[in-house]
Amino acid sequence: MQSIQTLYKNLPAWLQITSNEEILVVKINRPDKRNALNDITILALEQVFANIPAGIKAAVICAEGKHFSAGLDLSELKERDVIEGVYHSRMWHKALDAIQFGKVPVVAVLQGACVGGGLELAAACHIRVAETTVFYALPEGQRGIFVGGGASVRVPKLIGMARMQDMMFTGRVLNADEGNAMGISQYLVAAGAGFEKGMELAKKIAGNAGMTNYALMHVLPRITEAAQEQALMMESLMAAIAQSAPEAKERLQLFLDGKAKKLGE
Ligand code: 1HE
């Protein structure tokens, strides 16, 4: 692991950026505050994901300590008028969009509390690896507020609207098994095993053709939201573009020569 903190300007000390070959590792290291996300951290995350260094092909977001993130830093929650509130929420949207629609696929490694804004951050990533200690909640419902970091868009896509309504109406906390069965995490691993699994997946993803990863990050989400006719047209165009790339031709030839990796390898 090599620190590349200095590539960025004025990052808070608790946001640690390292690289391991083609993988960028972004670690929130503020366990004394349960990795609560203050404005500085959100702006720093945006800076990092909007400026992915050359040669990086996938990223892992993880957090130090027993909890992934306790969400919005409540000590910064102050009286805001309506327009300030809108801008604050839009700041989160911009940062989390930089993750979801950035340059590289992002794997989140989750443990302990993944609540409120912590769940919003996790939902903006492309793959979620959960350790068995994880639990998910949207305490905004109980705190008399509403989600503002994109949860109303991203969480229903993972678990369905009715389940998100339940979490907010009743304060329901989902455990690791429930979250995995409902689709929040795609992988569930033992306590302490999340980072290794996250790195293994990030390395696999980094080995994909660049056009395939681009299509999965930027085109598939648009296809799934378009009407069928337009969606199928986008799929055809994307398929034709992807298959005409030299990398795709090389990979097909490897298969025909019996040299490609087997399924699941
Ligand atoms: C915090 C925060 C925080 C802890 N902001 N400081 N999120 C929440 O409503 C969740 C609030 N947090 C908790 O429910 C619990 O802290 C945990 C279940 C995550 C962990 O419990 P525990 O017993 O390990 O820790 P603790 O004793 O509650 O907290 C330890 C310290 O972290 C303590 O500070 P200290 O200086 O007194 O030691 C806490 O104040 C601090 N801390 N969570 C600030 N969230 C875009 S909008 C998104 C809206 C939301 O995310 S709302 C949900 C907010």
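The values are calculated or read from the model by the stated rules, or taken from the named source; none is laboratory data. Keep in mind the model is a prediction, meaning the values are calculated, not measured. Glycine also receives a Cβ, built like all others from the backbone with ideal geometry; neighbour counts cover every protein chain displayed. Ligands, DNA and RNA are excluded from the accessible area calculation, which covers all protein heavy atoms including side chains. Shrake-Rupley method; radii C 1.70, N 1.55, O 1.52, S 1.80 Å.
When a/c reaches 1.5 or more, the comparison of a/b and b/c decides; with that in mind, is the stretch 210-256 rounded, prolate or oblate per its Cα gyration tensor? Prolate, because a/c is 1.5 or more and a/b exceeds b/c. Here the chain exposes an accessible surface that is 57 percent carbon and sulfur, computed with a 1.4 Å probe and the other protein chains kept in place. Within the listed set Val219, Val147, Val106, the Gaussian network model of the chain (springs between alpha-carbon atoms below 10 Å) gives the highest mean-square fluctuation for Val219.
Between Leu77 and Asn10, the C-beta separation translates, for a Förster distance of 22 Å, into a calculated FRET efficiency of about 0.40. Taking only the C-alpha atoms of the chain, Rg followed by Dmax gives 19.1, 65 Å. DSSP finds beta bridges in the chain, and of those with both partners inside it, around 30 percent are antiparallel. Restricting the chymotrypsin sites (Phe, Trp or Tyr not before Pro) of the stretch 84-128 to loop positions (DSSP other than H, G, I, E, B) with no more than 15 neighbouring Cβ atoms within 10 Å leaves Phe101. Can you list the chymotrypsin sites (Phe, Trp or Tyr not before Pro) in the stretch 115-186 that are in a DSSP coil and have 15 or fewer other beta carbons within 10 angstrom? Filter output for the stretch 115-186: Phe146.
For the stretch 149-265, the relative contact order comes to 12 percent (Cα pairs under 8 Å, sequence separation of at least 6).
Helices meeting the span-like rule in the chain (full DSSP H runs, Cα extent of at least 20 Å along the helix axis, mean Kyte-Doolittle score of -0.5 or higher): 82-100, 228-244.
From helices alone, the chain scores -13500 deg cm²/dmol at 222 nm; the rule is -39500 (n - 2.57) for each run of n ≥ 4 DSSP H residues, then divide by the residue total. How would the stretch 137-265 be classified by its alpha-carbon gyration tensor: rounded, prolate or oblate, with rounded meaning a/c under 1.5 and the a/b versus b/c comparison settling the rest? Oblate shape, in that a/c is at least 1.5 and b/c is the bigger or equal ratio.
Of the residues Leu158, Leu77, Leu174, the one that moves most in a GNM of the chain with alpha-carbon contacts below 10 Å is Leu77. The shape of the stretch 44-100 comes out oblate: with a ≥ b ≥ c from the C-alpha gyration tensor, a/c is at least 1.5 while a/b does not beat b/c.
Of all the options Gln142, Gln165, Gln230, the one that moves most in a Gaussian network model of the chain with Cα springs shorter than 10 angstrom is Gln230. On a per residue basis, the chain carries 54 Å² of accessible surface, using protein heavy atoms and a 1.4 Å probe.
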